[in-house]
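See below for the structure under consideration.
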Amino acid sequence: MKTFRPKLFSTFKGYNKNKFLSDLIAGVIVAIIALPLSIALAIASGATPAQGLYTAAIAGLVIAALGGSNVNISGPTAAFATIVAGVIASSGTEGLVIATIMAGVILIILGICRAGSLIKYMPHTITVGFTSGVAVTILIGQIKDFLGLDFGGAKPVEAGEKAVEIVKNFTTLDWKSLVVGVIGLTILIGWNILASKTRGGVSLIFKKIPGSLIAVIVGILVVAFTPLKCPTIGTLYTDLKGGFPMPSLPSFKWGTVLAVIPDAFAIAILAAIESLLSCVVSDKMVGDKHNSNTELIAQGAGNICSGIFGGIPATGAIARTAANVKNGGRTPIAGIVHALVIVLFLVVLMPVAKLIPMPIIAAILFLVAYNMSEWREFVGICKSRKVGNILVLLVTFILTVVLNLVFAIIAGIAFTLVFYLIHRIKNRKKEKKDEKN
């Protein structure tokens, strides 16, 4: 198998009008799903809404065109939220751009070195631990906007700091924001239930149209035409503008580069794990086989381009990829269409984003946090009574919430190696004892 062979190269063999129509419909639907999610995930990461859309458009386009999967959809994901917020807080937006570009270079090197198959050896307990930890940090981070709290100028970064500010400023709760948030959350939960329960033609409405889009539209209308006034994206990001971003390279200062090296590696590892996991899931759905090394190279190129155009880290998004498959997407053309629709939104409809209420964004992220929490897997590992697995899980989870993802992954790997060595030593002693007997 060649190291770099994009699936797009083989797409046009036997490609016809019907296949294009299926890809077109799937691409548009996925873009509608990705629009509110990209904005919400950027805000959760401490970036601007526009940066989330730049990422979905630029990285989504590049990765779809160069990727090793026919159906993988890439863009900003929740897994990056805590690490991106940490980089912005410590090294600023320029530091994040440098880290994103460096992560892209690392991913390309991994792909060229054919390391795609090695990613699967990342222990499951570590991935569950940091994924659950990220879910908790996202949940804590959105309580402020959901309740309309006023932190009085404080800008906490870590989950613990945010929790302290929430308790300290709970008396500033704005009931209007809370009501709008509850409306949004009710729509999201109700829409998902109806999508899974309804049958026949009506079910298509709930399955094809994302609940997040309905929540956003209802939220905008409620804030605009009722007394329930609350902060919107426009009040928080007053300089938000539409239009396509211009490429710009940061000044690679040695101090900043050294500071973000651990973050760049963490971003690259996360991007590799999540994108390849998304490819594996989609392979089963469509009966295809992805090229993991090509996908890593594409993810690297996508992240480099995202950084150059002012975006944030990107990777394969499992939920959006599944939506692509379920709506008929079968070639990279669907991913390209999804990116171009987001570009169209950036150029023409960006002012609409300013009207989205912040409690609605918080409600969307609450659901994202729940869906990515893997709480069933978490409980299952804890019930397994395997002390080593439980400790690795808890260490990774706690460090993700209390410190950051970099420390969590390093500590998780370190603990895994320690328990592996202990297990090996015990087995050798047992073997020697059996030999003597």
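At-a-glance table
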item	result
Simple spin-label estimate for His124 and Arg5 in nanometres, 7 Å along Cα-Cβ	3.1
Nonlocal amide H pairs with Ser74, under 5 Å, H built at 1.01 Å	Ala317
Paramagnetic label zone (point 7 Å from Cα along Cα-to-C-beta, Phe252; backbone N under 16 Å) in segment 281-314	301, 303-309
Global geometry of segment 200-250, whether rounded, prolate or oblate, following the gyration tensor of its Cα atoms and the 1.5 cut on a/c	oblate
Span per principal axis, largest first, for the Cα atoms of segment 1-42 (Å)	37, 30, 9
Gap separating the Cα centres of segment 92-126 and segment 238-296, nearest whole Å	7
Segment 163-247: C-alpha gyration tensor shape, a/c 1.5 cut-off, then a/b vs b/c	oblate
Percent accessible area from carbon and sulfur atoms, segment 198-334, protein chains only, probe 1.4 Å	71
Given the chain, longest segment not containing exposed loop chymotrypsin sites (Phe, Trp or Tyr not before Pro) (DSSP; at most 12 other Cβ within 10 Å)	13-251
FRET efficiency for Val164 and Tyr237, using Cβ-Cβ distance with R0 set to 30 Å, rounded to 0.05	0.75
The chain, helix-only ellipticity at 222 nm - DSSP H runs n ≥ 4, -39,500 (n - 2.57), divided by all residues, nearest 500	-24000 deg cm²/dmol
Sequence-separation-based contact order of segment 375-436, relative, with Cα cut under 8 Å and 6+ spacing, percent	24
The chain, relative contact order in percent, only Cα pairs under 8 angstrom and at least six apart counted	36
Heavy-atom accessible area per residue - the chain, 1.4 Å, Å²	46
Residue with peak Gaussian network fluctuation, the chain [Cα springs, cutoff 10 Å], from Asp150, Asp174, Asp239	Asp239
Debye, to nearest 20: dipole size of segment 27-171, +1 on Lys, Arg Cβ, -1 on Asp, Glu Cβ	320
Extension gain, Ala224 back to Lys155 (0.36 nm per residue minus Cα-Cα distance, nm)	22.0 nm
Largest-first ellipsoid semi-axes for segment 1-127, taking √(5λ) over the Cα gyration tensor eigenvalues, angstrom	28, 22, 13
Helix runs (DSSP H) in the chain reaching 20 Å along axis by Cα, Kyte-Doolittle at least -1.0	17-44, 49-66, 81-112, 124-147, 175-197, 211-225, 254-286, 292-308, 358-372, 387-402, 405-436
Neighbour-limited loop hits for trypsin sites (Lys or Arg not before Pro), segment 178-258 (at most 13 other Cβ within 10 Å; DSSP other than H, G, I, E, B)	Arg199, Lys241, Lys253
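The values are calculated or read from the model by the stated rules, or taken from the named source; none is laboratory data. Here the structure is a predicted model, which means the values were calculated and not measured. Every residue, glycine among them, receives a Cβ derived from its backbone with ideal geometry; neighbour counts consider all protein chains shown. The protein model used for the area step is the full one, side chains on, heavy atoms only, and it has no ligands, DNA or RNA in it. Shrake-Rupley method; radii C 1.70, N 1.55, O 1.52, S 1.80 Å.
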